[in-house]
Amino acid sequence: MRTRWVRGRGFDSRRLHLWLSQAQRAGRLRHLQSAGSSSSRRERDTPEQTRTGIGQPFGGSDGASSGTLPELEMGEPTDERSDALPAGTPAPAFELRSTPDQSVRLGDFSSRRLIMAFYPADWSPVCTDQMALYNEILPEFQRLGAALVGISIDHAWCHVAFARSRNLHFPLLADFHPKGDVAQAYGVYDDEIGMSERALFVIDEEGVIRWSQVSPIGVNPGADGILAALESMPAAPVAA
Amino acid sequence: MTAVFERPRLTEPVGERDHVLGPATAPVTLVEYGDYECPFCGAAHATLEQVRQVMGNDLRFVYRHFPLTQIHPHAYQAAEAAEAAAAQGRFWEMHDLLFENQDRLGLRDLIGYAGALDLDLERFVTDLRGHAYAGRLREDFLSGVRSGVNGTPTFFVNGVRHDGGYDVEALLEALRGEL
């Protein structure tokens, strides 16, 4: 099973900012909205009122970016499809840094289920919300026999700072050098923006992809799809 | 052009277990998944007071817990305090106190609010220490996850996730659209 989302052909290399500004105007990103009860959408677009990160200020004391988002128009949407590896495909092997001196390999998860969450960038608003959400749901993933890793093209040092700032309890892997190599292997590298797409994979105990989903870059896919996929998988054979 | 995606729907219908304000016969039901330490939820709390006044008996409001414990260290215990107050029939009073005092949610503060509400303090503290409502909080949290709650606050209007803003104007527009 694979869920495919419609992507936009009209997006150029500024797609991330396009999505952010569009979603912000549409009021879709809760944490990009003003907390003020009477503020208009116009007011919400001002940088000083921009928010992100499940209650964390965007560009706040943790040293994130300034919070200024460009006002650009969206391109025309179309039916362009993702090339994400579908269910039934053996998961490509990888070995990536999780910290400057530690590596994580696909083989480390043999005989366990693995959730791979590719995301565009540490610190960005939607990614921050998505990782914080998965951090909360981690016990449920574990109950269903799955480990979780996040993967982006950020360097391991960046991951360390990001994970520390959000109190994340799962590894963030650095697909940094060669840049985006693992995202390419899974069919979810976006060469136009130089980052991975927002993509989820659920891999079974045998190392086979059982579910994948690519979401629009500005949309938090949540965890329902992951949980449904895990619950639909046959229970792992119990070792004698 | 194909639709990008459908808005998620509430997977757990409003029922007996819920904390509800407003008549069961109201034509519009607004469900909030919230976190007592989340500043956006705090802002929404003030907004909702106005929205409820304007909507009157046309609105039924439901609150469910979605504490983000890894970034809001007091959120979980505050939610437990609301449930402990609910066990003594004072959920909404405690709910208001928690949102009105978001930077004072330590255990002593919570006990102070329970005292102000004339609750049975021994029972309240026992409930908190024994995590008597952990099951309910987990049910709320997981029902939110399965319904597409990705952060707080998240609202559902007549069972469909509200992806717009939550200032008075935006909420009223969404709610009146259901009348």
field: segment A:88-238: C-alpha gyration tensor shape, a/c 1.5 cut-off, then a/b vs b/c
entry: rounded
- line: Taking Cα atoms, the helix B:75-86 axis meets the longest principal axis of chain B at an angle in degrees (rounded to 10) of 80
message: I need the calculated FRET efficiency for the pair B:ARG108 and B:ARG176, taking r as the beta carbon distance and R₀ as 41 Å, to the nearest 0.05.
response: 0.45
- request: Convert each backbone phi in segment B:108-125 into a coupling constant with the Karplus relation 6.51 cos²θ - 1.76 cosθ + 1.60 (shift: θ = phi - 60°), then list the ³J(HN,Hα) values in order as whole Hz, x for Gly and Pro.
  value: 4, 4, 4, 5, x, 5, 4, x, 4, 8, 6, 7, 6, 5, 4, 5, 4, 5
statement: Under 19 Å by backbone N from the virtual spin label 7 Å along Cα-to-Cβ at A:ALA235, the residues of segment A:132-152 are A:140-147
message: What do you get for GluC sites (Glu not before Pro) in segment A:163-240 restricted to DSSP loop and a cutoff of at most 13 other Cβ within 10 Å of the site's Cβ?
response: A:GLU192, A:GLU206
Sparse-neighbour loop sites [trypsin sites (Lys or Arg not before Pro); segment B:94-179; at most 15 other C-beta within 10 Å; DSSP]: B:ARG104
For segment B:16-127, with +1 on Lys and Arg beta carbons and -1 on Asp and Glu, the positive-most of B:GLY56, B:GLY34, B:PHE91 along the dipole: B:GLY56
Segment A:78-232, dipole about Cα centre (Lys/Arg Cβ +1, Asp/Glu Cβ -1), debye to the nearest 20: 440
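Every number here is computed from the coordinates shown, using simple stated rules; none is lab data. Worth saying up front: this structure is predicted, and the values here are computed from it rather than measured. Neighbour counts are summed over all protein chains in view; Cβ atoms, including those assigned to glycine, are modelled from backbone coordinates with ideal geometry.
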